[in-house]
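The values are calculated or read from the model by the stated rules, or taken from the named source; none is laboratory data. In this text, all values refer to a predicted model and were calculated from it rather than measured experimentally. For neighbour counting, all protein chains shown are included, and Cβ atoms are generated from backbone atoms with ideal geometry for every residue, glycine included.
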Amino acid sequence: MASRWAAGLLCVALVAQPAAAIDVTVSAAQVTRFKGVDVDGQVDKLIFRGGLTLQAQNDMFGGLSSITVTGPNQSIALVTDRGQFVSGKLAYDEADRLLSLIGVTMEPIQNSGGQPLPRQYARDAEGMDTIYREGVPTAVRVSFENLTRVADFAITDGRPGGPAREIAIPQWLTDLRTNRSLESICIAPPASPIAGSTLLLTEEALDENGNHRGHFLGNADKGPVTYVNSPIVNPTDCAFLPNGDLLVLERGVALFSFVMNLRRVPAAEVRPGNLMRGELLLSAEGGEIDNMESLMVHTSPGGETRILIGSDNNFNDWQRQMLLEFALLD
């Protein structure tokens, strides 16, 4: 009896311990052609700057749904479909081209009590963006599907983690209980007319006119917004350019192959009460891409504004984890 009691105490102690990060070795192969164009060539309305395909032996490395900057020296973090933060640094070669992902760690996303999320229904993290204070990344804001919610997590040494701090969202969003609900989240930069506001954009929650419903969280600039619906594709991530223009990544499936669009919405049209329409910057399908689901705008070591688009392999062996990088023509 005493041994059972001791074993029970041991189990409680193990459960109560905070989640620990683990190191993960990631191998990367460079992508040097896209849609028949070499690195530094023009593709549609962008310049292709190269890319990577990523692999790791750890079975939990996968399902990469969103990516954001978390610190200097190319520090980034990703969230996964299984409730993990993946942190690391993007490495570049002397030509300012993506070379690898280094210093990678994985850590379970925690609930407000500081424990790993208890079940898969609560772990489906889909969107993430960075909160800045006086120009310094201090936290990430994460959106979840299934158990639809938004939560903030502190950044420490370039890695997000710690207990969740849940953020209030409209009831109609909370009531969505599917894996096609709150797919995208992004925070307007200082140059935006709605600086500091958080855009929440749904994947398949449509209004009476068939457009994607969204909402702005903010003090002065808050309220509903819609994004025009396109055939085949749905919004899957968003990111702001430094000037306040909004980029929306769209993803879909046609004839058993993935389809991807990237659109740009002018800053003046990104406001509550508006129907947002974007100019098509990039379109691709088939073997050139995979399940492209994450989007990040950042500055390369050479000082160029870059657009990074990543894929979610859904933990399938037949899908790839890709990072493709582009620059604007202007």
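Points to keep in mind about this one:
- Qualifying residues in the range 54-65 (those that are in contact with an Asp or Glu (Cβ under 9 Å, 6 or more places away or on another chain) and assigned to a strand (DSSP E or B)) - the one surrounded by the fewest Cβ atoms within 10 Å (Cβ to Cβ): Leu64
- Considering residues of the range 194-237 that are under 17 Å from Tyr132 (Cα atoms) and not small (Gly, Ala, Ser) only, the residue surrounded by the most Cβ atoms within 10 Å (Cβ to Cβ): Leu199
Listed here are the residues, each with its yes/no results for (1) under 24 Å from Ile307 (Cβ atoms); (2) part of a strand (DSSP E or B); (3) at pLDDT below 95.
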position	(1), (2), (3)
Trp5	no, no, yes
Leu14	no, no, yes
Gln30	yes, yes, no
Ile67	yes, yes, no
Asn73	yes, no, no
Ile76	yes, yes, no
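- Matching residues in the range 273-318 - criterion: being in contact with a helix residue (DSSP H, G or I) (Cβ under 9 Å, 6 or more places away or on another chain) and surrounded by fewer than 19 Cβ atoms within 10 Å (Cβ to Cβ): Leu275, Arg277
- No other residue among Ala125, Ala95, Ala164, Ala151 is at pLDDT 95 or above, surrounded by fewer than 16 Cβ atoms within 10 Å (Cβ to Cβ) and either out of contact with any Leu (no Cβ under 7 Å at 6 or more places or on another chain) or farther than 24 Å from Leu249 by Cα (or both) apart from Ala95.
- Any hit, the range 244-264, residues being of a type outside the set (Phe, Trp, Tyr), part of a strand (DSSP E or B), in contact with a helix residue (DSSP H, G or I) (Cβ under 8 Å, 6 or more places away or on another chain) and surrounded by 23 or more Cβ atoms within 10 Å (Cβ to Cβ): yes
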